[in-house]
Amino acid sequence: MAVNLPCHFQTYYRENLRDLLVKVPSAGDEALAPATRLLEKRREAAEVHQAMEAQREEFELSLRTLRVRRDELREKEVRMKEYLRKFDNFLKDSEMKRLRAVRKAAQERELASQKQADLCALQEEMAALRRERDRLQRRVQRNACYPQYLERVVQGSDQFQEGRQVMSRYDTLVLTREDLLQTAQENQESTERARAHLARFTEQSNDTIMQYNNILALLQSKLDQARAESLLWESRWAHIQNTAAKKTLLLGTIKMATLNLYQIVCKRARDTGEEPIALEDTPRQLQKIQTYLTDLMSVWEELSKPDSQAGTTTHGSHR
């Protein structure tokens, strides 16, 4: 903990030494000489200095004491933290040990329950085995007559010398019978599968044939419709061809007439130095004819004006 010494001394002077520095002058003091007053002031300053030194030493002692106390408290705090840490670790270890003990106890109880269940199951299995043993013993007792019968069969037969040969022959016949039964069952299943496959194939074939018949009928109707439309379009095409022939003949006639007019215009018109128009360029020929006729009409109008004026004048004089 840091102590601000200037602030401490300032507070000390303000509160404790104010009476030493400020004194009310009395009537006797006014009569003293200045040298005496100076000595008195120096003495008072020395006393104040001594008091300040004493206070400073006391303060430094208190400060050292506080520093020692602070160090001790820090050491105690460190020891206390270490103690708390160790105590916390101890509590954690104790809790972990307790949890392990609880888990172990639970596991032991579960294991004991499992062992008890296994014991009960083994006891039931042992009881079942005992019952099976008793049943087999009774069966052996019932079948005790069969080995004797087998011995009598071997004795009365020339093909077998021992009972094992009879049993082996019987086992062979049983296996052969089982193989034949299995083969017959497999053949029966194969036949059933083939029949089912044939039925599905027949059904699918019938569906496919029916679908193709429907498609064929639809295509036949479309073919009949196409034939009818073909006849209609053939008649329209014949009409179009006839109309086109008439239009072509009319167009040829118009072109020939235009060409004749153009040739007449070329003969009657003056030579203007223009290039002759091609025989196939009918639009330009028509433009040439139109231009010639326009010029001819203009000339005719000009020529007709004096005649009309002269006729008007003569008519007025006769009147």
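The values are calculated or read from the model by the stated rules, or taken from the named source; none is laboratory data. None of these values were measured; they are calculated from a predicted model. Here Cβ is always computed from backbone atoms with ideal geometry, including for glycine, and neighbour counts include all displayed protein chains. Surface areas here come from the heavy atoms of the whole protein model, side chains and all, with no ligands, DNA or RNA. Shrake-Rupley method; radii C 1.70, N 1.55, O 1.52, S 1.80 Å.
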Inset, instruction - Name the one entry in LEU129, LEU150, LEU181 that is open to solvent by 100 Å² or more (accessible area, probe 1.4 Å) and either at pLDDT 90 or above or in contact with a helix residue (DSSP H, G or I) (Cβ under 6 Å, 6 or more places away or on another chain) (or both). - result: LEU129
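Quick one: is GLN159 out of contact with any Pro (no Cβ under 7 Å at 6 or more places or on another chain), surrounded by fewer than 10 Cβ atoms within 10 Å (Cβ to Cβ) and assigned to a helix (DSSP H, G or I)?
Taking the combined requirement at face value, the residue does not satisfy it.
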Legend entry - Those residues of the range 127-155 which are charged (D, E, K, R) and under 19 Å from GLN165 (Cα atoms), in sequence order: GLU151, ARG152
Inset, instruction - Please state which one of SER168, SER205 is within 60 Å of the chain's Cα centre (by Cα) and open to solvent by less than 70 Å² (accessible area, probe 1.4 Å). - result: SER205
